[in-house]
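Working notes, structure below.
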Amino acid sequence: MINSAHVARKRFGQNFLHDHRIIDQIVEHLQIKPGDHWVEIGPGQGALTAPLMQKATTLDVVELDRDLVALLQQHFGNQSQLRIHSADALKFDFTSLVQADEKLRVVGNLPYNISTPLLFHLFESSRCIADMHFMLQKEVVDRLCAVPGSKKYGKLSIMAQYYCAAEWLFDVFPESFDPAPQVTSSIVRLIPHANVPVVVHDFSVLDKIVTQAFSQRRKTLRNSLKTLINEQTMINLGIDPNARAETLSLADFARLSNALA
Ligand code: SAH
C-alpha cells in the first residue's frame, strides 16, 4: 500500500487495511485469472490495488476522496492497465466499463456507511458482473447469507438472494485496519444468478410486502400483512397465515407479491 500522511476521513468510511496476512488471504480467495477485468470500489491507499495490479489484466478503480485519487495517480498513474475514476460509486455506471461480452469482477473493502445502498446499486448491474467480493460489517454479511428460520434472516437476505448467491468466506478483526473499526468485519462472495431464481412481476410490490412482513417480525403473517393480503389468499398460495415472516422463503414472498401485483 502507499505510504502517505493521509489522515483517515470518517465521513468517507475510511478504515484502511494494513494486515498483510489478511490482504494475502483476500487476494487468494479472488482467484484472479489472466484476462479478468477487475473493478475495485474504494481503493483508498491501494492495499488491495497493488496486489490486484500484479495479476489482473485490466483494473478500474472508483474512489470518492479526491486526495486519495491524487495519491493513487501519483503512485500508479503510469501503468496502462489501470484506470482511476474519481467518482461516487453510488452513482457510477458500472455497465459503462464492460467491453464486448465480458463480465466484470468486482472487489472492495467497502465504506460501511453506504454498504447497503451500494450493494443494491450494484445488483441493478448484476447482468454484467461475474462475481463480487466485499469486506463488510460481519452483521451485514450474516444478514446477506442468512437462510429462512434463522435470526439474521430478513429483508436484506431476501432482496439480496433474489439477485445473488451469497457466501461468507472469513472474518476480519478490527486490529487489521487503521483506524480500527468498532465491529468485526467479514468477507463475502456474491455471485449474480445467471437466471432469476423466482419470477417476480413487480419488484416494488415484493419490496413492500417484505418490508411490511419484517417490520413486525414477531407477528403472524395474518396480522402483519392484514392491510395487503387476506387470509384466504395466503392459504390458496400454500402459505400458513399463522407463520411468521422469518420462516418464508424468497419463493414464498414472490408468490405473495405476484398475487398482489
Ligand atoms: N481499499 C482500501 C480502503 C478501504 S476504506 C483498503 O482496504 O485499505 C473505504 C474506501 O472507500 C476509502 O478509500 C473511501 O474514500 C472510499 N469511498 C467512500 N465512499 C465512497 C464512494 N461513495 N464511492 C467510492 N469510494 C468511496
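The values are calculated or read from the model by the stated rules, or taken from the named source; none is laboratory data. Computed from a predicted structure; not experimentally measured. For neighbour counting, all protein chains shown are included, and Cβ atoms are generated from backbone atoms with ideal geometry for every residue, glycine included. Ligands, DNA and RNA are stripped out before the accessible areas are found, and what is left, the full protein with its side chains, is counted by its heavy atoms. Shrake-Rupley method; radii C 1.70, N 1.55, O 1.52, S 1.80 Å.
State the number of residues belonging to the range 3-51 that are hydrophobic (A, V, I, L, M, F, W, C) and either touching a Pro at 6+ places or on another chain (Cβ under 8 Å) or near the ligand (Cβ under 10 Å from one of its atoms) (or both).
11
Asp101 - would you say it is in a loop (DSSP other than H, G, I, E, B), closer than 24 Å to Cys164 by Cβ and modelled with pLDDT of 95 or more?
Taking the combined requirement at face value, the residue does not satisfy it.
Which of the residues that make up the range 85-117 are within 21 Å of Gln182 (Cα to Cα) and in contact with a Phe, Trp or Tyr (Cβ under 9 Å, 6 or more places away or on another chain)?
Gly108, Asn109, Leu110, Pro111, Asn113, Ser115
Is it true that some residue in the range 128-147 is within 26 Å of Val39 (Cα to Cα), charged (D, E, K, R), touching a residue at least 40 places away in the same chain (Cβ under 8 Å) and open to solvent by less than 30 Å² (accessible area, probe 1.4 Å)?
Checked the range 128-147: at least one residue is within 26 Å of Val39 (Cα to Cα), charged (D, E, K, R), touching a residue at least 40 places away in the same chain (Cβ under 8 Å) and open to solvent by less than 30 Å² (accessible area, probe 1.4 Å).
Among the residues of the range 49-68, write down those that are under 17 Å from Asn3 (Cβ atoms) and either open to solvent by 10 Å² or more (accessible area, probe 1.4 Å) or touching a His at 6+ places or on another chain (Cβ under 7 Å) (or both).
Matches in the range 49-68: Ala50, Pro51, Met53, Asp67, Leu68.
Return the only residue of Ala259, Ala254 being small (Gly, Ala, Ser), without any contact (Cβ under 8 Å) to a residue 40 or more places away in the chain and buried (at least 16 other Cβ atoms within 10 Å of the Cβ).
Only one candidate qualifies: Ala259.
Being of a type in the set (Val, Ile, Thr) and open to solvent by less than 70 Å² (accessible area, probe 1.4 Å) narrows it down to one residue among Ile114, Ile191; which is it?
Ile114
Is it true that Ile84 is assigned to a helix (DSSP H, G or I) and in contact with a Gly (Cβ under 9 Å, 6 or more places away or on another chain)?
no
Looking at the range 117-126, is at least one residue open to solvent by less than 40 Å² (accessible area, probe 1.4 Å), assigned to a strand (DSSP E or B) and touching a residue at least 60 places away in the same chain (Cβ under 8 Å)?
So far as the range 117-126 goes, no, none of its residues is open to solvent by less than 40 Å² (accessible area, probe 1.4 Å), assigned to a strand (DSSP E or B) and touching a residue at least 60 places away in the same chain (Cβ under 8 Å).
Name, by its number, the condition in (1) more than 22 Å from Asp240 (Cα to Cα); (2) surrounded by 16 or more Cβ atoms within 10 Å (Cβ to Cβ); (3) in contact with an Asp or Glu (Cβ under 8 Å, 6 or more places away or on another chain) that does not hold for Ala160.
Of the numbered conditions (1) more than 22 Å from Asp240 (Cα to Cα); (2) surrounded by 16 or more Cβ atoms within 10 Å (Cβ to Cβ); (3) in contact with an Asp or Glu (Cβ under 8 Å, 6 or more places away or on another chain), the odd one out for Ala160 is (3).
Working only within the range 185-241, note down all residues that are among the small types (Gly, Ala, Ser), assigned to a helix (DSSP H, G or I) and in contact (Cβ under 8 Å) with a residue 24 or more places away in the chain.
Passing the criteria: only Ala213.
Is there any pair with a first residue in the range 1-27 that is of a type in the set (Val, Ile, Thr) and a second that is more than 10 Å from the ligand (Cβ to nearest atom) and open to solvent by 60 Å² or more (accessible area, probe 1.4 Å) whose Cβ atoms are under 6 Å apart and which are 6 or more apart or on different chains, and what are they?
These pairs meet every condition: Ile2/His75.
Which count do you get for residues in the range 10-48 that are among the small types (Gly, Ala, Ser) and crowded, with 20+ Cβ neighbours inside 10 Å?
Matching residues across the range 10-48 total 4.
Just one of the numbered conditions (1) loosely packed, with under 13 Cβ neighbours inside 10 Å; (2) farther than 30 Å from Ala5 by Cα is not true of Glu175; which one?
(2)
Quick check on the range 100-155: of everything there that is out of contact with any helix residue (DSSP H, G or I) (no Cβ under 7 Å at 6 or more places or on another chain) and aromatic (Phe, Trp, Tyr), which residue is nearest to the ligand (Cβ to nearest atom)?
Tyr112
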